[in-house]
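Student: Please find one structure pasted underneath; my questions will follow.
Values in this text are rule-based calculations from the coordinates and carry no lab data. This is a predicted model, so every value here is computed, not measured. Positions of Cβ are backbone-derived with ideal geometry, glycine not excepted, and every protein chain shown enters the neighbour counts.
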Amino acid sequence: MARKILRIFLIVIVLLLVILAVQAFRYRDTIQRVFLGGVKIYETQPPELPASLPRPAVLVFSKTNAFRHEEAIPAANALFRQIAREKGWGYFQTENGAAFRKDILSRFDTVVFNNVSGDVFTGDRRSAFENFVDAGGGFIGLHAAGDNSHEDWPWYARNLIGAAFTMHTMSPQFQTATVRLENRESPVLTGLPAHWKHNEEWYSFAASPRLKGYHVLMTVDERTYNPEGMFGKDLRMGADHPVIWWHCVGRGRALYSALGHQAEAFRQPEHVRLLTNALSWTARQTGSECDIAQPGPRP
């Protein structure tokens, strides 16, 4: 009897191992991206751009070598395409990191990192983008563009984004909370109400970028949601919990928004208005910030 039970037990174990192996093979790409340091894909041939691009022009980049936001990325790409069309701007979207060359970047006024994740560039591509921003190019980073998958690029993580991601909400993951404007005079916030409700996977950071002199545009009210992460981790930052901020990098205008995990975020009127304003501001069509080169930390 004991041998029969043992045999059944071993058969069950083997079946479970087979099921796990099949699932691991099926989801191997996701496992590599999320748990094993991401994939290492680096393009060498740049994409073919249109012969002419109206100026201002926006480059939307959505490459992911780590976790991929499958629903949010196409929704955001479509929104920026629509904004550019309505403004009469040039627009180009790519996931090809080889596009980050001096001659190609010189055709654009601002670059959007649409939920970019992981280590997506070789060293020369990094340098080209750093020089583009320092010389006055614009940057908008959305959601995963500020997570902890970018730590291998110190200039990007510490200087361009400027805040260290710690964790996002998990109890539950998506929650509706109240966001509040911090600086009504900024052209990025033109036409927006003083506060509104937004459903999001809320990011927390090790410290507010305000401590580094960055300009916070929006905070989230922690009293309106449960700031708790995996295994009950306390994600509270207190009264100063920024979700959108800007600063100068040389003469470049850099703006980061922690919003944008879900496709619905790119259909919410307030968020659409904010991103429309941010695009104009980073492309130097509004405001006078960063006209004089600002010294900044370079790792």
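Student: When the scattering of segment 57-282 is computed by the Debye formula from its Cα atoms alone, each counted once and equally, what is log10 I(q)/I(0) at q = 0.14 Å⁻¹?
Tutor: Results for segment 57-282 at q = 0.14 Å⁻¹ read -0.82.
Student: Please give the net charge around L10, taking every other residue with its beta carbon less than 12 angstrom from that of L10, where Lys and Arg add +1 and Asp and Glu add -1.
Tutor: Around L10, the charge tally is +3.
Student: For K63, go through the lysines and keep the ones whose alpha-carbon is under 20 Å away, minus same-chain ones fewer than eight residues off.
Tutor: K40, K102
Student: Another question about this same structure. Between beta-carbons, use under 15 Å as the cut-off and find the net charge around H261, counting Lys and Arg +1, Asp and Glu -1.
Tutor: Here the count lands on -4.
Student: I'd like to compare 102-110, 238-246: which one has the highest average count of other Cβ atoms within 10 Å, and what's the full order after that?
Tutor: Packing order, densest peptide first, comes out as 238-246, 102-110.
Student: A further question follows. Which of the listed residues, G191, Q82, L181, is farthest toward the dipole's positive end in the chain, when Lys, Arg count +1 and Asp, Glu count -1 at the beta-carbon?
Tutor: Going by the Cα projections, it comes out as Q82.
Student: Only Lys, Arg, Asp and Glu count, each charged at its Cβ (+1, +1, -1, -1), so figure out the dipole size of the chain about its Cα centre, rounded to 20 debye.
Tutor: Its charge dipole is roughly 600 debye.
Student: OK, next. Just order 188-197, 135-144, 212-221, 39-48 by mean Cβ neighbour count inside 10 Å, highest at the front, would you?
Tutor: So the order, starting with the most tightly packed, is 135-144, 212-221, 188-197, 39-48.
Student: From the square roots a ≥ b ≥ c of the eigenvalues of the alpha-carbon gyration tensor of segment 35-89, which class results: rounded (a/c under 1.5), prolate (a/b over b/c), or oblate?
Tutor: It is oblate, given that a/c is not under 1.5 and a/b is not larger than b/c.
Student: Next question, about the same structure. Provide the packing ranking of 247-254, 69-76, 159-166, i.e. peptides ordered by the mean count of other C-beta atoms within 10 Å per residue, highest first.
Tutor: In descending order of packing, they fall as 247-254, 159-166, 69-76.
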